[in-house]
Amino acid sequence: VVGLRNIHATARQCREMVERAVGRLENYPKVEARLRQHLDEKDRQLARVEGILSSFDEGRSAMKDMMASMAGNMGAMMNAPADDEILKNSFSAFGLANFEIAAYESLLTIGQIAGHKNAVRELQLSLNEERDMAAWLSDNVRGVTLMHLQMRSEGMQAKR
């Protein structure tokens, strides 16, 4: 249950960061489209975890969620003034996606040992989404970096 509450808070943190980043993107339509897709995935992940918690007659931790949301907002705000905001946001998203992957893998191990087949099935969906997002970020960091450099060299607004 503690792990489920933790992953719920972490997913909230990521959702806040992604939402802030999407709201500021201007010149990276491919990134914006993928992040919007990830926002939908985050909503589904949160609903899945809430459903699992409910099946155990438990709820999410309002305090953890609040602190994680604040951390997500702070992370996005800290990157906003940077000339390379798009790159810093990409790095942050990649790191957080990999953190979530590790957390989901741990929860899956616990769920498998405990015999919670329904929870394992739901958590596996979320793990797959996070793996896909981390792979997308990894596959696209070079292209985003090159686009950023090209726009800067042409005197365009490149940070977001």
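The values are calculated or read from the model by the stated rules, or taken from the named source; none is laboratory data. Note that this is a predicted model, so its numbers are computed, not measured. All Cβ positions, even for glycine, are placed from backbone atoms using ideal geometry, and neighbour counts span all protein chains on display. Side chains included, ligands, DNA and RNA excluded: accessible areas come from the protein's heavy atoms. Shrake-Rupley method; radii C 1.70, N 1.55, O 1.52, S 1.80 Å.
Here is how the numbers come out for the structure above:
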quantity: Unmet criterion (only one of (1) without any contact (Cβ under 8 Å) to a residue 24 or more places away in the chain; (2) surrounded by 18 or more Cβ atoms within 10 Å (Cβ to Cβ)) for A135; calculated: (2)
quantity: L149 more than 13 Å from the chain's Cα centre (by Cα) and touching a residue at least 24 places away in the same chain (Cβ under 8 Å); calculated: no
quantity: Residue list for region 27-40, filter: within 16 Å of Q157 (Cβ to Cβ) and exposed (fewer than 12 other Cβ atoms within 10 Å of the Cβ); calculated: P29
quantity: Selection within region 7-24 - out of contact with any Gly (no Cβ under 8 Å at 6 or more places or on another chain), closer than 22 Å to Q124 by Cβ and open to solvent by 50 Å² or more (accessible area, probe 1.4 Å); calculated: none
quantity: In region 90-131, residue surrounded by the fewest Cβ atoms within 10 Å (Cβ to Cβ) [restricted to those that are more than 18 Å from A9 (Cα to Cα) and under 11 Å from the mean Cα position of the chain (by Cα)]; calculated: R131
quantity: Helices (runs of 4 or more DSSP H) wholly inside region 57-160 that include at least 1 residues being within 21 Å of E16 (Cα to Cα), small (G, A, S) and at pLDDT 90 or above; calculated: 85-114, 117-153
